[in-house]
Amino acid sequence: MTEETLPTKPTFAQGLAASLPIVMGYLPIAFSFGVAATRAGFSATEAFALSLIIYAGASQFLALALLSSGAPVLVAAFTLIAMNLRHVLYGPALMREAGDRASTRHAWAWAWGLTDEVFGQALGALARGQRFSEAWMFGLGLGAYAAWVLGTVAGAVAGGSALEGWPALSAGLGFMLPALFLALLLSILSRRQLPVIAVAGLVTVAGTLAISATSGILLGMLAGAAAGLVRR
Amino acid sequence: MNWDLLTVAVLAGAANWAFRALPVITRSDRMAAGGWLERFLSATGPAAIATLFVAAILPALTPDVRALAPVIVGTLAVLGLYAARRSVVLAMLAGAVAHGLATWALG
């Protein structure tokens, strides 16, 4: 494709709009995190600090368990770091799709927001033919980050009983992220990627059942990516 | 403010930033151009999304049909809406609404 025929670069506002499904997925989970943090004896400020500084869902829940059980600081920190090691793969995979000429001048800021869901949404957009732009990435990441931090604060302030009277609403909100991942999977599905997807799914199940959920995720991603090495 | 909590948060947060940003800043994907690493990276995206879906749905799978029904209804709603409209947002919303309604209907 020549430069003239390329679609225009998506803007910050379009990135922000694209973050909407992630925002809807993050708010209930961040809210649950805020509630869990106050139940574990942490203040609203401390819950806010964890979401603002760590910004990684599952490992924040683990942080609550480790810190409230009195685990040594370095053990807790390295456990959380190991849990998020998979994020190392996201940047290169995204930039490969973005192309060789994609700018990374402001990556120090927007790449902080490269969570599982932001990565999935960005990759899906590029796979559907959208051009890469740092402004769009920043909008996408900022919407998701704001939802995560604000949801945490709302949950910590509301306290433990906020959703207890609404089990159906709570269940529906809890299904947002599985539904988002399934929809993203459908959006990038192609016959060429089927073996990769099948291997990743099967190894995730096996790793989760045999070792732990965190190991299942890391092993599933590595096995799926390794399946991509097989020439067809 | 609990200083242990702040120390853990800063160490884990700094590592998260490094994991997410450094490979982009250094354009580590360019080093992979044309070789096996390029094929590995191009498969990483679909593998990651498949893994995250399986990891998210796995805790909801149970032999208890009553508890499983909302998950099945929600999943079918995502598949149906995506097939009909090709929209990630609508498919996700339909899945969440269907899951919530099924939970409510089953009491």
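The values are calculated or read from the model by the stated rules, or taken from the named source; none is laboratory data. Bear in mind the structure is a predicted one, so any value in this text is a computation, not a measurement. Here the Cβ is made from the backbone with ideal geometry for all residues, glycine too, and neighbour counts use every protein chain on show.
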Checklist entry - Taking the stated definitions as given, is A:Gln130 assigned by TED's automatic domain parsing to the domain that holds A:Leu16 and assigned to a helix (DSSP H, G or I)? => result no
Checklist outcome for this item: Those residues of segment A:29-71 which are part of a helix (DSSP H, G or I), facing chain B (nearest Cβ under 8 Å) and either at pLDDT 85 or above or more than 15 Å from the chain's Cα centre (by Cα) (or both) amount to A:Thr45, A:Glu46, A:Ala49, A:Leu50, A:Ile53, A:Ala63, A:Leu66, A:Leu67
Checklist outcome for this item: Of the residues in segment A:47-103, those that are among the β-branched types (Val, Ile, Thr), more than 20 Å from B:Leu52 (Cα to Cα) and surrounded by fewer than 18 Cβ atoms within 10 Å (Cβ to Cβ) come to A:Val73, A:Val75
Item to check | Residue satisfying all of: in segment A:124-150; modelled with pLDDT under 95 and touching a helix residue (DSSP H, G or I) at 6+ places or on another chain (Cβ under 7 Å); farthest from A:Ala107 (Cα to Cα) among these | outcome: A:Arg128
Checklist entry - Which condition number in (1) surrounded by 14 or more Cβ atoms within 10 Å (Cβ to Cβ); (2) at the interface with chain A (Cβ under 7 Å from one of its Cβ atoms); (3) under 30 Å from A:Ala77 (Cβ atoms); (4) of a type in the set (A, V, I, L, M) is the one that B:Leu22 fails? => result (2)
Checklist entry - Which of (1) closer than 30 Å to A:Gly172 by Cα; (2) more than 7 Å from chain A (Cβ to nearest Cβ); (3) of a type in the set (Ser, Thr, Tyr) is the odd one out, the single condition B:Thr44 does not satisfy? => result (2)
Item to check | B:Pro63 vs. criteria loosely packed, with under 14 Cβ neighbours inside 10 Å and not in a helix (DSSP H, G or I) | outcome: yes
